[in-house]
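The values are calculated or read from the model by the stated rules, or taken from the named source; none is laboratory data. Note that this is a predicted model, so its numbers are computed, not measured. Heads up, the Cβs are rebuilt from the backbone with ideal geometry, glycines too, and the neighbour counts pull from every protein chain shown. Quick note on the areas: whole protein, heavy atoms, side chains included, nothing else; ligands and nucleic acids left out. Shrake-Rupley method; radii C 1.70, N 1.55, O 1.52, S 1.80 Å.
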2 protein chains.
Amino acid sequence: MAVTARDVAQAAGVSQRTVSDVVNLPGRVGAETRKRVQAVIDELGYRPNPHARGLRNNRSGLIALVVPELDVPYFSDLARCLIPELTKRSLTLVVDQTNGDPERERAVLTGGAVSSTFDGVLLNALNLTAADVEAAAATQPIVLLGERDYGASADHVAIDGTEAAYAATRHLIERGCTRIGAIGRQARSTGTAKQRVDGFTRAMHEAGLDPNRYMAEGEYDRASGAAVMGEMLDAGDPPDGVFCFNDLMALGAMRAAWDRGVDIPRDLAVVGFDDIEDGRYAMRSLTTVAPDKEAIAREAVAMLVERVAGHVGPGRRVRAGFELIVRESSGPA
Amino acid sequence: MAVTARDVAQAAGVSQRTVSDVVNLPGRVGAETRKRVQAVIDELGYRPNPHARGLRNNRSGLIALVVPELDVPYFSDLARCLIPELTKRSLTLVVDQTNGDPERERAVLTGGAVSSTFDGVLLNALNLTAADVEAAAATQPIVLLGERDYGASADHVAIDGTEAAYAATRHLIERGCTRIGAIGRQARSTGTAKQRVDGFTRAMHEAGLDPNRYMAEGEYDRASGAAVMGEMLDAGDPPDGVFCFNDLMALGAMRAAWDRGVDIPRDLAVVGFDDIEDGRYAMRSLTTVAPDKEAIAREAVAMLVERVAGHVGPGRRVRAGFELIVRESSGPA
């Protein structure tokens, strides 16, 4: 038979109301009592009924992950890491896709079609203003994701995108590349792309190389990587190394090189970003920056759950780690 | 200012209750009235507030897509196709991952941790019994997905997996392959794998070839495709063509062939199943069976919305189409 709040209350020597508060409003319960009751909850395996919980305190048990595109492997990898973190707290992940549409991103945050449904939001937004984010974070639990400066005081988990781009570029330089390209700059970016451009530029300047010689815009998908790489290779005096700002563009770039008989890594070394599985099985396995997705998921959920439980205070910034994984695409020729 | 139910009621000359019924319980409204009110709803752009809707009739506006794994590209492709179909009905997609765990699949269906939250479920289950599915379909709106015989009377949308596997195998035979392998059989499968084995076996028998000579089990991921293909190639007298039961295994198999200096398609032609984007940019672009995912999404949502609106009756079976897309992996050598 399922363990009830009454069972927990009896075993812990507290009222059912206290058990309910520990589950739903832990900030209201003293630290010692909270600890004792939580220990009994864990020991008995008590799982609060989310429907009853919703009726009592207007919570749904649902956490939204709001991302620009669901079928980008980085986001589905991240969702896969988030699910166990949420499941052990009896929370369910809802994935909502915005296509980077600022109206839709705003709608999720401002009591539009869906926001009343969620207890909290993990937000990776492309086009929100700092004011949008500040206003939303003031009224509901939000944790921001992604290597960009939202310019807002809200909890935020990300790796250091500038350092990661610097490491990727240093690797190409140390390998002996001298004509190094970068694919993925964006015309008006204050976000992910800007950090990657900054890290790339710093490493190139330090090595006395021109960062702008082979710097190109890109759309973060395979088709764009293939098209941009194709143009670079067809233009004459092609690069001998390229840092693509995500793995999808790197995979497209490798395909374009392959189509032109350019040997990877002998004629062209390629580095990506994200460490998606696809890159591990490419015909030349892909060197890439691997963000610590488990850490991102763990830290983001921990902070969000604290906000849901009533924590107030200024936004916190957590840096997750990353690793440069060297594979065939930039290995020995 | 937002259009309200009152605006619609006035314009259509009906009560607000009737407008609400057209939105929430269309089965209760006469066909002519329903049509007239719906026309006004469309004209004025009325969007019912899902929170108020939830309060009135215990609906959340959430539809769950329940799949074994979120980070399988086929499922994220499918989710991408479902979102616009649901959005235009003011419904939100929730993705729930079961890992194929029968307990978790059952929990979603039987009033467990999450089912009370959803208006309806799109279910791709690996390990449920016919009795599980029948019981669940009797109490809540469900549409089944996936090329398997659930053995239950419930709405179901799928392509004909046997015919698709037959077409893939015929292609290898017509191309001139005579030592044709298949990767993806499963020991106890009554589902997807069984249909693909059946279609493969029929085509091989018709051509006077032995279907079992190079038939192997597989786990539907890249690592498994690479390992199984590696064994086939290392065993001596290797196949000259292989039908992998999904694209991920085909990509792994191509990588294993590449590692051994086996030229694709000259020495080995490879065909996959699913048409994920990854295959289009592989070093040999992948020949594959492309299910009509848009049609699957469209038909599944249409049937589910009817069930949510109160449609009763026996389970309906809808066949979506597929296409064999021939690319480099089985093209001219």
Would you work out which of B:Leu126, B:Val14, A:Gly120 lies farthest towards the positive end of the dipole of the protein assembly as shown? Charges go on Cβ: Lys and Arg +1, Asp and Glu -1.
B:Val14
Does any residue of region A:74-102 lose at least 20 Å² of accessible area with all protein chains in place compared with its chain alone, and if so which ones (probe 1.4 Å)?
A:Ser76, A:Arg80, A:Ile83, A:Thr92, A:Leu93, A:Val94, A:Val95, A:Gln97
Carbon and sulfur: what percent of chain B's accessible surface (1.4 Å probe)?
48
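Specify, per residue and in Å³, the volume enclosed by the convex hull of the alpha carbon atoms belonging to chain A.
Numbers: hull volume 48.5 nm³, N = 333.
Enclosed volume per residue, from the Cα hull, is 146 Å³.
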Full extension between A:Ser15 and A:His205 adds, at 0.36 nm per residue less the Cα distance, a length in nm of 61.9 nm
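Taking the Cα centre as origin and putting +1 on Lys and Arg beta-carbons and -1 on Asp and Glu beta-carbons, what dipole magnitude results for region A:161-291, to the nearest 20 debye? Could you put the intermediate results ahead of the total?
On the way: 15 positive and 20 negative charges, 34 e Å.
With Lys and Arg at +1 and Asp and Glu at -1, about 160 debye.
Am I reading the B/A interface right? What is its buried accessible area, both sides, 1.4 Å probe, to the nearest 100 Å²? Present the calculation step by step, with values, prior to reporting the outcome.
Working: alone 15520 and 15580 Å², together 27510 Å².
Rounded to the nearest hundred, the buried surface is 3600 Å².
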Could you work out, residue by residue across A:279-286, how many beta carbons of other chains sit within 10 Å of that residue's beta carbon, and then give the average as an integer?
5
Determine the distance separating the Cα centre of region B:153-214 from the Cα centre of region A:177-256; give it in Å without decimals.
43
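Given +1 on the Cβ of Lys and Arg, -1 on the Cβ of Asp and Glu, and no further charges, what dipole in debye does the protein assembly as shown carry about its Cα centre, rounded to the nearest 20? Mind dumping the intermediate values first?
Values: 76 positive and 92 negative charges, 484 e Å.
Its charge dipole is roughly 2320 debye.
Before anything else, pin down the relative contact order of chain B: Cα pairs under 8 Å, at least 6 apart, normalised by residue count, whole percent.
With pairs under 8 Å counted, the relative contact order is 16 percent.
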Among B:Thr92, B:His156, A:Ala295 - extreme Cα towards positive end, dipole of the protein assembly as shown, charges at beta-carbon:
B:Thr92
Hey, got the average number of other protein chain Cβ atoms within 10 angstrom for residues in A:214-222?
1
Averaged over all viewing directions, the convex hull of the alpha carbons in region A:142-206 casts a projected area in nm² of 4.9
Ignoring ligands and nucleic acids, what accessible area does A:Leu91 show with a 1.4 Å probe (Å², nearest 10)?
30
Dipole magnitude of chain B, debye to nearest 20 (Cβ charges: Lys/Arg +1, Asp/Glu -1, about Cα centre):
1340
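Select from region B:218-305 those trypsin sites (Lys or Arg not before Pro) which occupy a DSSP coil region and have at most 10 other Cβ atoms within 10 Å, ordered by residue number. Can you show the working numbers first?
Working: sites: B:Arg222, B:Arg255, B:Arg260, B:Arg266, B:Arg280, B:Arg284, B:Lys293, B:Arg298; in loops: B:Arg260, B:Arg266, B:Arg284.
Passing sites in region B:218-305 are B:Arg266.
So what's Rg/Rh here for region A:161-291, counting alpha carbon atoms and using the Kirkwood radius for Rh?
Values: Rg = 12.9 Å, Rh = 14.0 Å.
For region A:161-291, the value is 0.92.
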Among the residues of region B:241-278, which ones have their accessible area go down by 40 Å² or more when all the protein chains sit together, as opposed to their chain alone (1.4 Å probe)?
B:Arg255, B:Trp258, B:Glu277, B:Asp278
Scattering from the C-alpha atoms of region B:58-163 alone, worked out with Debye: what is log10 I(q)/I(0) at q = 0.17, 0.20, 0.22, 0.24 1/Å?
-0.77, -1.08, -1.31, -1.53
Among the aspartates and glutamates, which have Cα under 17 Å from the Cα of B:Lys35 when same-chain residues fewer than 8 positions away are ignored?
B:Asp7, B:Asp21, B:Glu43, B:Glu306
Out of all DSSP beta bridges with both ends in the protein assembly as shown, state the antiparallel percent to the nearest 5.
10
With all protein chains present and a 1.4 Å probe, the order of A:His156, A:His311, B:His171, A:His205 from largest accessible area down is A:His205, A:His311, B:His171, A:His156
If I ignore ligands, DNA and RNA and count only protein heavy atoms, how much of B:Asp237 is accessible to a 1.4 Å probe, in Å² to the nearest 10?
90
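Return the percentage of antiparallel bridges among DSSP beta bridges fully within chain B, rounded to the nearest 5 %. Working shown, then result.
Working: 4 of 37 bridges.
Bridges in chain B that DSSP calls antiparallel: roughly 10 percent.
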Descending accessible area (1.4 Å probe), largest on the left, turns A:Thr169, A:Thr18 into A:Thr18, A:Thr169
For region A:242-333, the convex hull over Cα atoms projects on average to an area in nm² of 6.8
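Could you compute Rg(Cα) / (2.2 N^0.38 Å) for the protein assembly as shown, with N its residue count?
Values: Rg = 26.8 Å, N = 666, 2.2 N^0.38 = 26.0 Å.
This ratio for the protein assembly as shown stands at 1.03.
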